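The values are calculated or read from the model by the stated rules, or taken from the named source; none is laboratory data. None of these values were measured; they are calculated from a predicted model. We place every Cβ from the backbone using ideal geometry, glycine too, and count neighbours over all the protein chains shown. Each accessible area value is taken on the protein alone, full model and side chains, heavy atoms only, with ligands, DNA and RNA left out. Shrake-Rupley method; radii C 1.70, N 1.55, O 1.52, S 1.80 Å.
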Amino acid sequence: MNEDKIERRKFLTKLSLWLGALPAAIISVPVFSALLGPLLQKNKQEWRQIGNAADFPVGTTKLVKFINADPLPWAGTTAKSAAWLRRENEKEFTAFSANCTHLGCPVRWEAKAELFMCPCHGGVYYKDGSVASGPPPKALVRYQVRLNKDVVEIKTAPVPITNITA
Ligand code: FES
């Protein structure tokens, strides 16, 4: 009888430990994934299709969106990036990161002035991406672009966040 009680106590102790460990294990998986994910990410680059060349008339600058090269499974909309794509001539395109090199705000294209404007602190860029005025420390980052048959492709890169101490 006494041995039965001891066995039952051991069994209940083990059972309660397992039942306590299970939720901890379930909770720890996403927590550790979120903490370690950015460290494990590689600076992978990937060509992404943007659209047909015919969608971009010569001389125009359009905002294009694409999925980053190595999005985390839980990234959601943050897996998307944007760039300003300009068609220079029949064969040449230029793609500028949509993020200001000051603190990363999205810049907008002012077609009449032919300038990129940053709404956050008044940064201004010329149409070639170089700094016209304001706090941006350097020109807009460029993505590689290629024409694959009639499809425009952008080579994605890690989001170019400027070093704040620059
Ligand atoms: S983030 Fe663009 S000027 Fe500051």
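Tabulated data
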| read-out | value |
| --- | --- |
| Sulfur and carbon atoms: percent of accessible area, the chain [1.4 Å] | 59 |
| Label-point separation, Ala139 to Ser28 (7 Å along Cα→Cβ), nm | 5.0 |
| The stretch 46-156: Lys pairs at Cα distance under 24 angstrom, eight or more positions apart or on different chains | 26 |
| Computed [θ] at 222 nm, helices only, for the chain once each DSSP H run of length n ≥ 4 contributes -39500 (n - 2.57) | -8500 deg cm²/dmol |
| Probe 1.4 Å - accessible area at Thr77, Å² to nearest ten | 110 |
| Inter-site label distance for Lys10 and Arg108 at 7 Å from Cα along Cβ, in nm | 7.3 |
| Charge dipole (debye, nearest 20) of the stretch 1-40; +1 at Cβ of Lys and Arg, -1 at Cβ of Asp and Glu | 80 |
| Neighbourhood charge, 11 Å Cβ-Cβ cut-off, centred on Cys100 and excluding it, Lys, Arg +1 and Asp, Glu -1 | +2 |
| Residue-normalised accessible area of the stretch 46-156, expressed per residue, 1.4 Å probe, Å² | 54 |
| For the chain, the spread of Cα positions along each principal axis, largest first, Å | 92, 40, 22 |
| Candidate residues Arg87, Arg48, Arg146, Arg9: accessible-area rank, largest first, probe 1.4 Å | Arg9, Arg146, Arg48, Arg87 |
| For the chain, with +1 on Lys and Arg beta carbons and -1 on Asp and Glu, the positive-most of Pro23, Ala98, Val124 along the dipole | Pro23 |
| Selection from Leu36, Ala75, Ala157 lying farthest towards where the dipole of the chain points positive, charges on Cβ | Leu36 |
| Those lysines that a straight Cα-Cα span of less than 24 Å connects to Lys14, excepting residues fewer than 8 apart in one chain | Lys5 |
| Hz values of 3J(HN,Hα) by residue in the stretch 119-136 - Karplus curve (6.51, -1.76, 1.60), Gly and Pro given as x | x, 6, 10, x, x, 10, 10, 6, 5, 8, x, 6, 6, 9, 6, x, x, x |
| Dipole magnitude (debye, nearest 20) for the chain, charges at Cβ of Lys, Arg, Asp, Glu | 280 |
| FRET efficiency, 1/(1 + (r/R0)^6) with R0 45 Å, evaluated for His121 and Trp74 via beta carbons | 0.90 |
| Proximal charge balance of Val141 [Cβ under 14 Å; K/R count +1, D/E count -1] | +2 |
| Segment Leu17-Lys91, extension gain: residue separation times 0.36 nm, minus the distance between their alpha carbons | 20.0 nm |
| Selection of chymotrypsin sites (Phe, Trp or Tyr not before Pro), the stretch 60-159, meeting DSSP coil and at most 12 other Cβ within 10 Å | Trp74 |
| Nonlocal amide H pairs with Arg142, under 5 Å, H built at 1.01 Å | Ser97 |
| ³J(HN,Hα) computed for each position of the stretch 8-15 - Karplus, 6.51 cos²θ - 1.76 cosθ + 1.60, integer Hz, glycine/proline x | 5, 5, 4, 4, 5, 4, 5, 4 |
| Top of Leu115, Leu22, Leu103 by mean-square fluctuation, Gaussian network on the chain, Cα under 10 Å | Leu22 |
| Phi to ³J(HN,Hα) by Karplus 6.51 cos²θ - 1.76 cosθ + 1.60 over the stretch 52-60, Hz, x for Gly, Pro | 6, 4, 5, 6, 10, x, 4, x, 8 |
| Relative contact order (percent, whole number), the stretch 46-156, Cα cutoff 8 Å, 6+ residue spacing | 27 |
| Solitary cysteines of the chain, where the nearest other Cys Cβ is not under 4.7 Å | none |
